[in-house]
Each structure stands twice: as C-alpha cells, then as structure tokens.
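Asker: Sharing a structure, written as structure tokens. Questions coming.
Nothing in this text is a laboratory measurement; each read-out follows from the coordinates by a stated rule. What you are looking at is a predicted structure, and each value in this text was computed from that prediction instead of being measured. Virtual Cβ from ideal backbone geometry, glycine too; neighbours counted across all protein chains shown.
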Number of protein chains: 2
Amino acid sequence: MKILVCNDDGIDAPGIYALVLALKEIAEVTVVAPITEQSAVGHGITMQIPLRVLKFNKNNEFFGYAVNGTPADCVKIGIRNLMSEPPDLVISGINHGSNTAINIIYSGTVSAAREAAIMDVPAIAISVTNHSAKNFQYAGKIARHLALKLFKKNIPPGTLLNVNVPDLPENEINGIRLTKQGKSKWDDIYEQRTDPYGREYYWLTGSLLEVDTDLDTDQASVRKNYVSVTPIHFDLTDYETYENMKNWELENLLNEKSKYPSD
Amino acid sequence: MKILVCNDDGIDAPGIYALVLALKEIAEVTVVAPITEQSAVGHGITMQIPLRVLKFNKNNEFFGYAVNGTPADCVKIGIRNLMSEPPDLVISGINHGSNTAINIIYSGTVSAAREAAIMDVPAIAISVTNHSAKNFQYAGKIARHLALKLFKKNIPPGTLLNVNVPDLPENEINGIRLTKQGKSKWDDIYEQRTDPYGREYYWLTGSLLEVDTDLDTDQASVRKNYVSVTPIHFDLTDYETYENMKNWELENLLNEKSKYPSD
C-alpha cells in the first residue's frame with residue numbers, strides 16, 4: 001500500500017511525525033507537507049505565486065517534501081509531480097486541535113484530504129482535540145487501523161473520512177462512533193488593539209458555541225470522549241432547498257414587476 | 001434593506017463596482033472587501049496575523065472598507081465590528097470567472113457568501129463566466145432581482161445561492177435555471193520552470209474537464225448560455241455513505257486481528 005501523508009501544521013510538527021511512524025509499518029509512506037503552519041487556510045490553492053519544493057529529512061526516520069503552499073497544493077503536486085504513481089490512500093494530520101462541526105469548513109487538514117477525494121483517491125483527515133496535544137500515539141493507531149479497514153471496505157469516490165480523537169490516554173476513550181458533522185460554530189470576537197506606531201489592528205479570537213448534544217454528531221462525540229468518524233463529501237448542493245425552490249419560477253425572475261427604475 | 005457586499009478580486013475590481021451600483025437603488029450598501037486579489041483562497045480565515053482595516057472611497061460613488069485578509073475575514077469583521085447592525089443580505093461578487101462545479105470548493109467569492117450563511121445571514125455569490133469580462137451590468141441586474149426575490153421568499157439559514165452568469169449580451173442569454181453543483185473538475189498541470197538563479201519552481205495551470213451535460217447542473221447550464229442559480233450549504237456530511245458505513249462496526253475497529261506487531 002502506498003500512502004501520501006500531508007498536514008496543515010507544517011512538515012516538522014509532532015502530529016505528522018507520529019502519523020508517519022504509525023503508518024510506516026503497513027505502507028510505503030510519502031510525505032508532502034507545508035513548510036510552515038497553514039491552519040485555517042480552508043481549501044485555498046496557490047495560483048498567484050510559484051511553488052517551491054524542498055527535500056526534507058526528519059532524523060533519518062522519514063524523508064519527504066516541504067512545499068511553500070497550502071495543504072491542498074501539497075496533495076495536488078504530490079500526486080501530479082512528486083510521486084511516481086498515485087497513492088492508494090491520502091492521510092492528512094495528525095492535526096493539533098479539533099476539526100469537528102464548523103471547523104471542517106476552515107480546516108487545512110480536511111482540505112488536503114478533500115483534495116485527494118477530488119482526485120479520486122480515498123482519504124482520511126485525522127485530528128486530536130487539543131492544540132497543545134502531546135501524545136499522538138493512540139490517534140496514530142486509529143489512523144493505521146482505519147487505513148487497513150478502508151482497504152477492505154472502500155468508500156465511494158468523492159467521499160473522505162474526517163476523524164477526531166479526544167486528547168486522552170487510550171483507557172479513558174469510551175469508544176469509536178460513526179458521526180455526522182455537528183452544528184456548533186464560533187462566536188467570533190475581533191480584539192481591537194493599537195500597534196507600537198499608534199495604528200489600530202484587529203485580532204480574531206472567540207469561542208466555540210457548543211450546540212451539539214446528539215452523540216451522532218462529531219462535536220458531541222468527542223466531548224463525551226468518543227473517537228468520531230464522519231464521512232464527508234464535496235457536493236455542496238442543498239438538495240432540499242433545490243426542491244423547494246422549484247416554485248420560485250426563476251425563469252421569470254426578470255419579468256417580475258419592480259418599483260425600481262432600472263429594472 | 002441593508003446589504004453587505006464583498007468579493008475576492010479586491011475592493012477596486014470592476015465586478016464589485018458594478019455590483020454596488022446595481023444594488024444602491026434598492027438598499028443601503030456597505031462594502032467590506034480584500035485590499036488585494038484573493039482568488040482561490042477557499043474558505044481561509046486569518047488567525048496568525050492581525051487584520052488592518054482601511055477606509056476606501058471609489059470616485060465618491062461608494063465608500064467602503066478594505067481589509068488585508070480573505071473574503072471570509074471581510075464578512076466576519078464586517079458583520080461583527082464594522083456595521084452597526086447585521087445586514088439583511090450579503091452579496092459576494094461580481095466575480096471575474098466561473099464558480100461552477102469544483103470551483104465552488106476553491107472560490108473565495110463563494111466562501112464570503114458561505115461565511116454569511118454560517119452567521120445566519122442570507123447570502124448570494126455571483127460570478128461572470130470569463131476572467132476578462134468587461135460588462136457586468138446584466139449580472140448586476142440579476143443580483144438586484146435575486147436580492148428582491150430572496151427578501152420575499154427566504155431561504156433556510158445555512159443555505160446560500162451560488163449564481164453564474166454567462167459573459168454575453170443580455171439578448172444572447174437563453175434564460176435562468178435552478179441548478180445543482182456539477183462534477184466537472186480540473187486536470188491540473190504543474191509547469192516546471194527554472195528561476196534566474198537556476199532554482200526549480202512549479203506553477204499551477206491546467207484545464208477544466210467538462211463532464212457535465214445535464215442542464216440541471218451549473219456547469220452545463222452556463223455552457224449553454226443560461227444563468228445558473230444553485231442553492232448550496234455547508235453541511236458536508238455524506239449521508240448516503242453514513243448509512244452504508246453502519247455495517248463497518250467501527251466500534252470494533254481496534255479489536256480486529258491484524259498482522260502488524262504494534263496493533
């Protein structure tokens with residue numbers, strides 16, 4: 001099995017190191033990851049500036065490629081140019097911090113796995129629920145077992161698994177749950193500050209409004225010390241609203257009377 | 001009606017100018033947009049550096065705020081800090097270039113509207129299908145009529161409308177269609193080049209593989225000279241796969257026999 005590993009915390013982060021060590025036992029691993037931290041970059045790709053690729057050696061324990069781009073860039077260039085043949089699987093992580101609920105939208109870690117899914121390669125994004133997590137060994141084990149499971153079970157092209165692992169010792173984990181994306185989202189606050197030159201600036205902060213209570217959601221599961229596994233895809237069509245909008249008669253949009261002169 | 005206008009081509013782009021002029025007739029418009037072009041930034045948000053906000057005046061025809069961040073940042077800080085009360089509607093665009101099919105994932109324009117939907121504000125993303133588009137007047141008219149329609153019809157919280165307008169004179173447009181996200185995606189190519197110092201770099205290019213033929217998709221509709229209107233949302237759960245994965249028995253994942261010693 002050939003696995004491409006990526007992340008958004010940067011190629012030298014502890015999480016990706018633990019992931020590679022966990023996967024080396026079962027696969028030939030190629031690491032292509034950002035040179036620097038790329039958290040919350042969403043599904044950005046780099047088109048305005050060129051990409052540079054540097055060879056990277058982590059204590060002779062793994063070799064890889066560091067890219068001056070986003071996680072999605074790394075997966076694209078890894079599969080298109082750096083690997084001699086496409087991988088059987090892409091795993092992105094282990095992320096330092098949760099990627100549950102609305103964080104799925106902002107996450108660079110998830111975008112790397114989503115880019116793989118767009119390229120028809122099965123993919124997993126895996127995160128530990130604490131930005132200061134120290135121990136990634138259990139999450140690495142989950143990743144290894146899920147990789148083997150995916151090999152047996154398959155998932156449809158265009159689907160990826162988003163996995164969140166509570167930052168706890170293995171014996172305090174309550175189990176592993178199949179989940180849906182939760183609805184919790186951020187209560188953003190922009191802190192207004194003044195720089196040393198007297199100019200104003202804003203810094204984003206805030207807290208997650210936890211509205212999920214159903215254990216079938218990722219956010220409630222990790223809060224109750226379960227590992228969550230959520231299948232996600234990139235078809236964003238809201239099919240229910242699509243059906244409801246059939247009575248909007250959009251084809252007549254410009255024929256409607258309006259009180260505004262230029263209509 | 002109060003409308004917040006954003007884009008990803010930058011606050012001084014012709015598309016956003018045409019949009020503001022079209023909307024001023026029906027609403028009080030506040031513009032909060034990136035200082036520089038932010039195409040293909042996906043749903044990135046800025047957390048590692050502070051945001052600066054500059055007042056912007058376009059020929060005394062509109063006043064707004066230019067932000068050194070992403071489209072999603074602009075919507076967040078616009079609603080949280082710069083507007084005295086939340087807008088009734090956010091419109092992002094008019095984008096220079098299509099945001100159909102897979103481009104929805106990469107688009108900064110769509111991410112601004114999606115951020116509004118996350119904040120429970122109805123939203124529209126609107127694009128013209130040509131990077132070199134010159135005439136945005138017809139797209140502006142579509143935006144104005146859709147804004148009025150949304151006011152009457154509502155859409156559920158968390159849904160936004162993604163609109164694509166062929167770059168044609170109005171009399172060559174075949175009509176307006178309710179659509180779904182297409183499946184067309186990019187055949188990426190990284191051009192390998194050598195810089196003036198002899199170092200290699202890569203530049204992303206490629207072409208869209210047009211696989212959509214059904215006029216119910218955004219991509220096929222715009223190719224056949226229809227305006228497409230697609231309701232999208234940010235619940236990424238793949239519900240079909242979720243149901244199918246119930247037989248995976250994930251709760252037993254770590255109990256399965258494996259030939260690998262550390263399992």
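Asker: Pick from B:ASP195, B:ASP235: which is in contact with a Phe, Trp or Tyr (Cβ under 9 Å, 6 or more places away or on another chain) and among the acidic types (Asp, Glu)?
Answerer: Being in contact with a Phe, Trp or Tyr (Cβ under 9 Å, 6 or more places away or on another chain) and among the acidic types (Asp, Glu) holds for just one of B:ASP195, B:ASP235, which is B:ASP195.
Asker: Could I ask something else about it? If you take the residues in the stretch B:126-151 that are in contact with a helix residue (DSSP H, G or I) (Cβ under 9 Å, 6 or more places away or on another chain) and not in a helix (DSSP H, G or I), which one is surrounded by the fewest Cβ atoms within 10 Å (Cβ to Cβ)?
Answerer: Among residues in the stretch B:126-151 that are in contact with a helix residue (DSSP H, G or I) (Cβ under 9 Å, 6 or more places away or on another chain) and not in a helix (DSSP H, G or I), the one surrounded by the fewest Cβ atoms within 10 Å (Cβ to Cβ) is B:LYS134.
Asker: Which residue is nearest to A:THR179 (Cα to Cα), if the candidates are limited to the stretch A:212-245 and must be small (Gly, Ala, Ser) and buried (at least 24 other Cβ atoms within 10 Å of the Cβ)?
Answerer: We begin by selecting, within the stretch A:212-245, every residue small (Gly, Ala, Ser); these are A:220-221, A:228.
Within this subset, residues satisfying the condition of being buried (at least 24 other Cβ atoms within 10 Å of the Cβ) are A:221, A:228.
Details: A:SER221: 8, A:SER228: 6 Å.
Among them, the one singled out is A:SER228.
Asker: Now for a different question. Quick one: in the stretch B:152-202, which of the residues that are facing chain A (nearest Cβ under 9 Å) and in a loop (DSSP other than H, G, I, E, B) is surrounded by the most Cβ atoms within 10 Å (Cβ to Cβ)?
Answerer: B:THR179
Asker: Name every residue in the stretch B:219-258 that is facing chain A (nearest Cβ under 7 Å), hydrophobic (A, V, I, L, M, F, W, C) and within 30 Å of B:ALA72 (Cβ to Cβ), in order of residue number.
Answerer: B:VAL229, B:ILE232, B:PHE234, B:LEU236 - these are the residues of the stretch B:219-258 that are facing chain A (nearest Cβ under 7 Å), hydrophobic (A, V, I, L, M, F, W, C) and within 30 Å of B:ALA72 (Cβ to Cβ).
Asker: Please go through (1) assigned to a strand (DSSP E or B); (2) farther than 28 Å from B:ASN154 by Cα; (3) in contact with a Leu (Cβ under 8 Å, 6 or more places away or on another chain) for A:SER221 and return the number of the only condition it doesn't satisfy.
Answerer: (1)
Asker: Residue by residue through the stretch B:186-217, note down the ones that are of a type in the set (A, V, I, L, M, F, W, C) and within 30 Å of B:GLY175 (Cβ to Cβ). First the steps, then the outcome.
Answerer: Residues of the stretch B:186-217 of a type in the set (A, V, I, L, M, F, W, C): B:186, B:189, B:203-204, B:208-209, B:211, B:215.
Result: B:TRP186, B:LEU208, B:LEU209, B:VAL211, B:LEU215.
Asker: Report every pair of residues separated by at least 6 positions or lying on different chains whose Cβ atoms are under 9 Å apart, first residue within the stretch B:131-145 and polar (S, T, N, Q), second assigned to a helix (DSSP H, G or I).
Answerer: B:ASN135/B:ALA18; B:GLN137/B:ALA18; B:GLN137/B:LEU21; B:GLN137/B:ALA22; B:GLN137/B:GLU170
Asker: Also, quick follow-up: What's the total number of residues in the stretch A:43-75 that are under 15 Å from the mean Cα position of the chain (by Cα) and more than 14 Å from A:ALA13 (Cα to Cα)?
Answerer: Counting residues in the stretch A:43-75 that are under 15 Å from the mean Cα position of the chain (by Cα) and more than 14 Å from A:ALA13 (Cα to Cα) gives 8.
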